[in-house]
Structure formats: structure tokens, C-alpha cells
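Undergrad: Below is one structure. I have some questions about it.
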Amino acid sequence: MKIAIFANNRPKSQAVKHKLQQKFIERHFILDDEKPNVVISIGGDGTLLAAFHHYEDQLGDIRFVGVHTGHLGFYTDWRDDEIDDLVISLQSDNGQAVSYPLLEVVVKYADRPVRERYLALNESTLKRISATMVTDVYIGGELFERFRGDGLCVSTPTGSTAYNKSLGGAVVHPNLEVLQIAEIGSINNRVFRTLSSPMIVAPNDWITFKPTKGSDFTLTVDSSVYHDREITEILYKISKKRVYFAKYRHNHFWQRVQDAFIGTETDEDRMDL
Ligand code: NAP
């Protein structure tokens, strides 16, 4: 097994990286940043996102492992004080994995005949800051609505707890192969109408945005931002590719959601109520 370690620059993450490297050398693991089978991300969910995009072209050959050095994340299963257990799990690895859907983003730019393709682990947004964004929204090739507002967000199930959640979108269990559309500041009055609620789109449907006017849109794909070219059409669909995580132990998804957003109420907290 060839292992790569991908850490953010925080001193704590770098310290964990050095500790892990030492343990791997002692146990004769092969460290290979170029063509790894397992990528260990050390930091937060943002670090895992960066690792995902760094190894985006090799997704079929890689399983990710997330170690968190801050708070528990959605892509990070291991605490930094559990790295001895992680090393033991890697030693007895038998290829166990869990995989999740990814979002394919196909963009037609006005100045190019060939469409550009991007892959998102969390989400992609289309926004306009200078003026109202006016975009026709198609689902499965059929016109659904003309959206007017700040923007739209299309997220994966694992991305549903990120930007999508801040927009009032639903948290989606990652075993479901669906996409979600959430509005960003839609205009709704007697003249303009949008659905005004998040939509969960079935696996075989695809979503198309066709901006009707303006050329100054901002497209985001996870942490990347593209805003220098005129977009005429964006197609969103579930990718044929998936992201794989090494699955050494079971983490209950809803428990993770509860930890991240609700927290555990202590007896003392209850006494205060
Ligand atoms: P960032 O602005 O430094 O971090 C954004 C926050 O999102 C971090 O706290 C990160 O967790 C968390 N996060 C990332 N993926 C998540 C997931 N799947 N579920 C729950 N939380 C998640 O930017 P970044 O670290 O490069 O991350 C980019 C992401 O930021 C985008 O994909 C988007 O989802 C999110 N974002 C959110 C908003 C918003 O909520 N209003 C606005 C813009 C972007 P860690 O602290 O563990 O890294």
C-alpha cells in the first residue's frame, strides 16, 4: 500500500503529519505523494476538499482518510489523538471502502466551442453580484422556472451539510444518490416567482442553468472560483466517478450531524432550562 499525507499548514496538523510519517517509516509503509492508494488528509473538511482536488485525476485508485485537528468534520473520521489506532487499521487494511456521489459540472463559455468540465465534492454555485442574476432553470431538459436573485447552489449529499445547509437546504444522507438545488436570495413578489424551497433531484435527472442576461457571473466549484468568462449554459449531473473513503470503522451519519450542529446537552444544561 502506498500512502500520501496531505496536511494543512496549521502547526498542529504539521505536527500530526510528522508523527504519522515517523510511524509509517518505522513500519515500512511506502510513502508516495505521486501515485498513492491511500491519501490521509490532516486538518478539517476544507483540507479534505483540497486533497480531493489535488488527486482528482486519480479518484478510482485512491481511498481517502480524514484526520481532524480541529473539530469533528464530515469527511474526517479520526481524531489526532487516535493515530496509533489508524496505523493499526492501515496495517490490517483489506481494501474496505465506502463511496459517495460527486457532482459533474459542464460549462459552456461564450468564447469557447468546447465545454469545460469540473468535479465537485461539496457543491457548485452560480452567482451574480453586480446585478440580479436571471437564469432559466431546466430539470431533465424541461424548463422549470425563471430564477431571479443572487444565485443558485447545487450540492451533493456529502456537501449538503456545507454551504447548502446555510442556505436552508436539507441535510441528505450520503447513501442517497441525489442532487439538491438551493436558492440564494431569490426575488419573489407579484411579478417574479420561484419555487422558494430547496429541491432534491432524482439520480437520472440533470439540471441546466441558462443565464438570460449579463456576462459577469461567478461560478464556484467547492473552494475554486471562476469569474472571468461569459457563461451561456451550465449542466449539472451526478458524475460517473465517485469518491472513496477507507472504511475502518462505522460512523453513524446522523450522530455526526448531531455532533456538528446540535451538540450534546449535559445534565447541567438541562438544569438551567
Ligand atoms: P472555508 O470558508 O475556509 O470553510 C468553510 C467551512 O465549511 C469550514 O468550517 C469547513 O469545515 C466547512 N465544510 C467544508 N465542507 C463541509 C461539509 N461537507 N460539511 C460541513 N461543513 C463543511 O472554505 P474551505 O475550507 O475551502 O471550504 C469550502 C467550502 O466552504 C465550500 O465547498 C462551501 O461548502 C463552504 N462555504 C460555505 C459558505 C456558507 O456556509 N455560507 C459560504 C461559502 C463556502 P472545516 O473547518 O472542518 O474545514
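Undergrad: Tell me the relative contact order for the chain as a rounded percent, counting alpha carbon contacts under 8 Å between residues six or more apart.
TA: Values: 578 pairs, mean separation 53.2, N = 273.
Averaging sequence separation for qualifying contacts and normalising by length gives 19 percent for the chain.
Undergrad: A further question follows. Given N residues in the stretch 101-240, what is its alpha carbon radius of gyration divided by 2.2 N^0.38 Å? Working shown, then result.
TA: Values: Rg = 13.8 Å, N = 140, 2.2 N^0.38 = 14.4 Å.
Here the answer is 0.96, to two decimals.
Undergrad: Can you tell which of ILE262, ILE200, ILE83 shows the greatest fluctuation in a Gaussian network model of the chain with Cα springs below 10 Å?
TA: ILE262
Undergrad: Moving to a separate point now. State to the nearest 20 debye the size of the charge dipole of the chain about its Cα centre, where the only charges are +1 on K and R beta carbons and -1 on D and E beta carbons.
TA: Dipole magnitude for the chain comes out near 740 debye.
Undergrad: Kindly provide log₁₀ I(q)/I(0) values, in the same order as q = 0.13, 0.16, 0.19, 0.21 Å⁻¹, from the Debye equation applied to equal alpha-carbon scatterers of the stretch 18-163.
TA: -0.73, -0.97, -1.23, -1.43
Undergrad: A follow-up question, please. Between GLN255 and ASP136, what is 0.36 nm times their sequence separation minus the Cα-Cα distance? Round to one decimal in nm.
TA: Separation in residues times 0.36 nm, less the Cα-Cα distance, equals 39.0 nm.
Undergrad: Once you have the Cα-Cα distance between ARG229 and ILE200, take 0.36 nm times their residue separation minus that, and quote the gain in nm to one decimal. The partial results should precede the final answer.
TA: Values: separation 29, 0.36 × 29 = 10.44 nm, distance 2.90 nm.
Here the segment from ARG229 to ILE200 would lengthen by 7.5 nm.
Undergrad: With each label point set 7 Å from Cα along the Cα-Cβ vector, what nm distance links ALA15 and LYS213?
TA: 5.8 nm
Undergrad: Mean-square fluctuation check for the chain, GNM, Cα pairs under 10 Å: which of THR212, THR125, THR135 is largest?
TA: Top of the fluctuation ranking is THR212.
Undergrad: Viscosity 0.692 mPa s, temperature 37 °C: what is the translational diffusion coefficient of the chain from Stokes-Einstein with a Kirkwood Rh over Cα pairs, rounded to a whole number of µm²/s? If you can, show how the numbers build up before the last one.
TA: Details: Rh = 20.2 Å.
My calculation gives 162 µm²/s for D.
Undergrad: How tilted is helix 11-26 with respect to the longest principal axis of the chain? Cα atoms for both, answer in degrees (0 to 90, nearest 10).
TA: 50 degrees
Undergrad: To continue, here is another question. Relative contact order of the stretch 101-240, please, whole-number percent, based on alpha carbon pairs below 8 angstrom and at least 6 residues apart.
TA: 33 percent
Undergrad: In what sequence, highest mean first, do 109-117, 48-56, 29-37 appear when ranked by Cβ atoms within 10 angstrom?
TA: In decreasing order of mean packing, 109-117, 48-56, 29-37 become 48-56, 29-37, 109-117.
Undergrad: What ranking do TRP206, TRP78 get, fewest neighbouring Cβ atoms within 10 angstrom at the top?
TA: So the residues, fewest neighbours to most, are TRP206, TRP78.
Undergrad: Select from the stretch 1-103 those trypsin sites (Lys or Arg not before Pro) which occupy a DSSP coil region and have at most 14 other Cβ atoms within 10 Å, ordered by residue number.
TA: Taking the stretch 1-103 and a limit of 14 other Cβ atoms within 10 Å, the loop trypsin sites (Lys or Arg not before Pro) found are ARG27.
Each value in this text was obtained by applying a stated rule to the coordinates, not by laboratory testing. Everything numeric here is computed off the predicted structure, so don't read it as measured data. Every residue, glycine among them, receives a Cβ derived from its backbone with ideal geometry; neighbour counts consider all protein chains shown.
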